1. Looking for whichever is surrounded by fewer than 22 Cβ atoms within 10 Å (Cβ to Cβ), more than 20 Å from Gly280 (Cβ to Cβ), modelled with pLDDT of 95 or more and not aliphatic (A, V, I, L, M) here; the options are Lys201, Lys220, Lys197. Which one fits?
2. Please count how many residues of segment 1-14 are buried (at least 19 other Cβ atoms within 10 Å of the Cβ) and either free of Cβ contacts under 8 Å to residues at least 60 places away in the same chain or among the hydrophobic types (A, V, I, L, M, F, W, C) (or both).
3. Kindly provide the set of residues from segment 1-60 that are charged (D, E, K, R) and in a loop (DSSP other than H, G, I, E, B), ordered by number.
4. If I go through segment 234-260 residue by residue, how many of them are farther than 19 Å from Lys197 by Cβ and either buried (at least 16 other Cβ atoms within 10 Å of the Cβ) or among the polar types (S, T, N, Q) (or both)?
5. From the set of residues in segment 96-114 that are assigned to a helix (DSSP H, G or I) and under 21 Å from the mean Cα position of the chain (by Cα), which is surrounded by the fewest Cβ atoms within 10 Å (Cβ to Cβ)?
6. Among residues belonging to segment 31-55 that are among the β-branched types (Val, Ile, Thr) and surrounded by fewer than 21 Cβ atoms within 10 Å (Cβ to Cβ), point out the one that is nearest to Lys112 (Cα to Cα).
7. Among the residues of segment 181-208, write down those that are under 23 Å from Gly246 (Cβ atoms) and in contact with a Phe, Trp or Tyr (Cβ under 8 Å, 6 or more places away or on another chain).
Amino acid sequence: MAIKVLVVDDSLVFRRMLSEFLDEDPDIDVVAMAADPYQARDMIIRFNPDVMTLDIEMPKMNGIDFMKKLMPQHPMKVIMISSMEHQMLDYIEYGAVDYVQKPHDMDSDEMKKWVDDELIIKVKKAYDKKYSEEKKKHVAITPNNIKRQYHNKIVAIGASTGGTEAILDVVRNFYPNIPGTVIVQHMPPGFTNMYAKRLDKECRVHVKEAEDGDIVETGKILIAPGDKHMTLERRNGRYFVKCFEGENVSGHCPSVDVLFKSVAQAAASDAVGVILTGMGSDGARGLLAMRKRGAHTIGEDEKSCVVYGMPKVAYEIGAVEYQEPLENIASKIYNILSTIP
């Protein structure tokens, strides 16, 4: 049975193009379109769609306000879509399963590539009810693990497509004793600061967008800025990050490979590396470098990934020591830390 999709966007051209390209996938059936939340409400009642794509900036009522009203009355799978930076990450708080950034180029070929490479994948994952149920399970972290101190240790995490929610699922289970944590999530400039602030509100630890020279220390998470590479350095027994502009590495800036390779050099066997959902191969070679230097490494398994790309490549080249479902990863990090001298 095809996935029933409702497309909500105030732009007639965008709405029609999006619907046409989604409809070309044999597993998707666009059952209705709406230009604003009021039309969307009527279409939801009439067609009962499985997944809704929802623009944020719309007349009469914006997408975030619509989500606030919709979810308590009619919970459903929503993917937020917007070209605007502000409010994008409110989707986490109000129940959307994911978001995508609108392409700046409305050329038909570019639109089709964006739909095929990003949106269709997220629609199908949103519909996967078994995946959603699995994510609700959490493995308990023992009291001993949350009280123990882990001196001079580092946790490094890399993710891309689907990573904003995956990272949240991991770090919301961190306690204030977690070693200094450095993260690269592929996001545009501006988004990483908002994302860090959102995580800071959701978590027991302090989260911020990294700045050049920031100290990496217990109970703190640093998110690489959306337009700069981030590396780890160790000086006088302390860890710092360096943030700098540069060319794309493995197709990205910031690059997970750049971070992981620096962690391999600076922390070696005192590090735990984690590669989460994402398209492509960024981070795979860096994770392998970490493992070769004695670090313990974790890759998210295929079943829980939104896109089993980066973790798959890492696993295939021997970079992954432990392959785990998303809901087990925080616990696995703590278990590994308890074994490191």
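The values are calculated or read from the model by the stated rules, or taken from the named source; none is laboratory data. Just so you know, these numbers come straight off a predicted model, no measurement behind them. Cβ: placed from backbone, ideal geometry, glycine included. Neighbour counts: every protein chain shown.
1. Details: Lys201 fails: modelled with pLDDT of 95 or more; Lys197 fails: modelled with pLDDT of 95 or more.
When all the criteria are applied, what remains is Lys220.
2. Let us first name the residues in segment 1-14 that are buried (at least 19 other Cβ atoms within 10 Å of the Cβ), namely 3, 5-9.
Retained after the next criterion (residues that are either free of Cβ contacts under 8 Å to residues at least 60 places away in the same chain or among the hydrophobic types (A, V, I, L, M, F, W, C) (or both)): 3, 5-8.
Of the residues in that region, 5 qualify.
3. Asp9, Asp10, Glu24, Asp25, Asp27, Asp36, Asp50, Glu57, Lys60
4. Of all residues in segment 234-260, those farther than 19 Å from Lys197 by Cβ come to 234-240, 242, 244-253, 255-260.
Adding the requirement that they be either buried (at least 16 other Cβ atoms within 10 Å of the Cβ) or among the polar types (S, T, N, Q) (or both) leaves 234, 236, 239-240, 248-250, 252-253, 255-260.
Within segment 234-260, residues that are farther than 19 Å from Lys197 by Cβ and either buried (at least 16 other Cβ atoms within 10 Å of the Cβ) or among the polar types (S, T, N, Q) (or both) number 15.
5. Initially, segment 96-114 is screened for residues assigned to a helix (DSSP H, G or I), giving 108-114.
Right, trim to under 21 Å from the mean Cα position of the chain (by Cα) and you get 113-114.
Working: Lys113: 14, Trp114: 18.
Restricting to residues being assigned to a helix (DSSP H, G or I) and under 21 Å from the mean Cα position of the chain (by Cα), the top hit is Lys113.
6. Val31
7. Thr181, Gln185, Met187 - these are the residues of segment 181-208 that are under 23 Å from Gly246 (Cβ atoms) and in contact with a Phe, Trp or Tyr (Cβ under 8 Å, 6 or more places away or on another chain).
Results for (1) more than 15 Å from Val184 (Cβ to Cβ); (2) assigned to a loop (DSSP other than H, G, I, E, B); (3) in contact (Cβ under 8 Å) with a residue 40 or more places away in the chain, shown as yes or no for each residue.
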residue: Val274; (1), (2), (3): no, no, yes
residue: Ser281; (1), (2), (3): no, yes, no
residue: Gly299; (1), (2), (3): yes, no, no
residue: Glu302; (1), (2), (3): yes, yes, no
residue: Val306; (1), (2), (3): yes, yes, yes
residue: Lys312; (1), (2), (3): yes, no, no
residue: Ala319; (1), (2), (3): yes, yes, yes
residue: Gln323; (1), (2), (3): yes, no, no
